[in-house]
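For reference, the structure is listed below as structure tokens.
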Amino acid sequence: MSLIINVNEELVQSEERFLIIDSLYSFEFPKSVDELNRNRYPETDEEFELIKQEFESFIRENKNPNLYSVGMYKSYADMNLPKSYEIIFDINNKERFWKQKTVVKYAYNYRDIFHANLWQGHSSHLIIEVIGKPPILFDELPMNHKNEDNKRTIIGICSEFDWEFIRKK
């Protein structure tokens, strides 16, 4: 018997409540809901229908120029998407931060399992929307985890409230 513990966001300390974005991912936008492989989803047919609805919404956003395909390292909590954040910062240099809305909209796990949730401790391929012109940090991210040098930019995103605790850590 396995024990599954859901880690609610409110149970996580403010200084730990941020997502880590460590890479840009090359990504080809899906063209049809038929690209979802039903066999990859253990949910009931009703739950799978909800996933299909989310996927159809995602497909309709294929012309949104503010969407980024990124790698996220280990979510700090379980949460439903979309999820909005107000601060973008450089993990390695917290003096480099921007107050800018970012919405985590959709996620993939194992390259082909689309979902609208994040799970604590799991890394995911995210589709995020940066509202407005994105900070230079996004230009500094490696593509598909390929890093030419040892200077690696890692981005954090968090709420404005949590930022006051994170920046002091």
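No lab work stands behind these numbers, since they all come straight from the coordinates. Remember, it's a predicted structure, so these values are computed and weren't measured experimentally. Using ideal geometry, Cβ is built from the backbone for each residue, glycine included, and neighbour counts are taken over all protein chains shown.
Charge tally for ASN117 (other residues, Cβ to Cβ under 13 Å; Lys, Arg +1; Asp, Glu -1): -3.
For an R0 of 22 angstrom, estimate the FRET efficiency from the Cβ-Cβ distance between ASP112 and ASP139 and round to the nearest 0.05. E between ASP112 and ASP139, to the nearest 0.05, is 0.20. The alpha carbon radius of gyration of the chain, expressed as a multiple of 2.2 N^0.38 Å, is 1.06. Cα gyration tensor of the stretch 24-79, axes a ≥ b ≥ c as square roots of the eigenvalues: rounded (a/c below 1.5), prolate (a/b > b/c) or oblate? Judged from the Cα gyration tensor, the stretch 24-79 comes out oblate (a/c at least 1.5, b/c at or above a/b).
Largest mean-square fluctuation among ASN92, ASN144, ASN64, in a Gaussian network model of the chain whose springs join Cα atoms under 10 Å apart, belongs to ASN64.
Here the Kirkwood formula, the inverse mean of 1/r across different C-alpha pairs, assigns the stretch 8-102 a hydrodynamic radius of 16.1 Å.
A crude spin-label estimate for the pair LYS31 and TYR73, with each label 7 Å from Cα along the Cβ direction, gives 3.6 nm.
Using the Cβ-Cβ distance between GLU61 and LYS168 with R0 = 41 Å, the FRET efficiency computed as 1/(1 + (r/R0)^6) comes to roughly 0.70. For the residue pairs LYS52/LYS94; LYS63/LYS83; LYS63/LYS133; LYS52/LYS99, the alpha carbons lie more than 27 Å apart in LYS52/LYS94; LYS52/LYS99. The GNM of the chain, with springs linking C-alpha atoms under 10 angstrom apart, assigns the highest mean-square fluctuation among GLU43, GLU140, GLU54 to GLU43. Entry note, the chain: the mean residue ellipticity at 222 nm calculated from DSSP H runs of n ≥ 4, each adding -39500 (n - 2.57), is -4500 deg cm²/dmol after division by the residues and rounding to the nearest 500. Within the listed set SER32, SER14, SER159, the residue fluctuating most in the Gaussian network model of the chain (springs between alpha-carbon atoms under 10 angstrom) is SER32. Note on the stretch 9-29 and the stretch 59-74: Cα centroid distance 13 Å, given to the nearest whole angstrom.
Compactness of the stretch 75-169 is given as radius of gyration and Dmax, 13.7, 38 Å, from Cα positions.
The angle between the Cα long axis of helix 45-60 and the main principal axis of the chain comes to about 60°, on a 0 to 90 degree scale.
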